[in-house]
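All of the numbers you see were taken from the coordinates with simple rules; none came from a lab. Quantities reported herein were computed from a predicted structural model and do not represent experimental measurements. Counting neighbours? That spans all protein chains shown, and the Cβs are built from the backbone with ideal geometry, glycine included.
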Amino acid sequence: MKKRIAKLISIPLAALLMGCAGSAARLDTAPPASETSPVEAPTYPARVIEHKNSAAGEEIPVWFYLDYQDISRLPEFRGTYAFVFARVGPDLDRLVEWTRGFAANAKIAQRVAEEFVAIFEESSLEAKEAVKPYVEDAARVLADAEYAGTQRGDDYWVYQEAEDGQEKELGKHYLYRLLYTVPREQIYSAVEIAFRYAEAQRPPETKEATEALSDLLDFFEGQKQE
């Protein structure tokens, strides 16, 4: 579970969280002049023109250009999973509005639920169809979860000009990133609670169903230990 849920942070999660630190970013669409657009990663080649604290002579924070997995490895973020959400646009005020109305709890829960399902779908478990309803029920619980330990770590913007790739069409633009962290144990606990709920909703009625569910639980416990 650690290995896969740690992949939840880049921009969409489940994506979502989602690539490595040096990978090129992709935009869903080039945003109109008055709008903002989600972006998967900030690492496309770009010339920095200005950033949030440049007037004060400060540097861009270390985490800003890091892959989500690398953020979680920084000393100040150990023991957590990092979730980063980002948008680009030509208007900084519009991006600031986006940060103020950002529903972090809902977005994080959605990513956890989506990645939970992705883990199951990519597994080599036998009797997948037999246990799929349990996974779906558990995912619905996770999608509504709230993590009391969620912390808004930082937010930062950079004004830059993409020099290559699809993003070059943006011209000069702002990239705004929001960083949130959630204690790892809270995510593990949420998964366990979701499974208990799913099992209570659908008590297995046959030996085969009981064994299939047991294999599913063992599989996710094994993922947690990786």
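Counting other Cβ atoms within 10 Å, which trypsin sites (Lys or Arg not before Pro) in segment 48-120 have at most 15 and lie in a DSSP loop? Mind showing how you got there, number by number?
Working: sites: Lys52, Arg73, Arg78, Arg87, Arg94, Arg100, Lys107, Arg111; in loops: Lys52, Arg78.
Qualifying residues, ordered by number: Arg78.
List the GluC sites (Glu not before Pro) within segment 41-128 that DSSP assigns to loop and that have no more than 16 neighbouring Cβ atoms inside 10 Å. It would help to have the intermediate numbers written out before the result.
Details: sites: Glu50, Glu58, Glu59, Glu76, Glu97, Glu114, Glu115, Glu121, Glu122, Glu126; in loops: Glu58, Glu59, Glu126.
The qualifying sites are Glu58, Glu59, Glu126.
Taking the Cβ of Ala106 as the centre, find all other residues whose Cβ is under 11 Å away and add up their charges (Lys, Arg: +1; Asp, Glu: -1).
Values: positive: Lys107, Arg111; negative: Asp144, Glu146.
That works out to 0.
Fully extended, how many nm does the chain gain between Arg78 and Glu211 (0.36 nm per residue separation, minus their Cα-Cα distance)?
Working: separation 133, 0.36 × 133 = 47.88 nm, distance 3.59 nm.
Contour length minus the Cα-Cα distance gives 44.3 nm.
Just to be sure I understand the model, the point goes 7 Å from the Cα along the line to the Cβ. What's the resulting Ala127 to Val62 distance in nm?
Label at Ala127, label at Val62, 4.8 nm between them.
How many nm is it between the label spots at Asp70 and Glu169, if each spot is 7 Å from the Cα in line with the beta carbon?
About 2.8 nm separates the two model spin labels.
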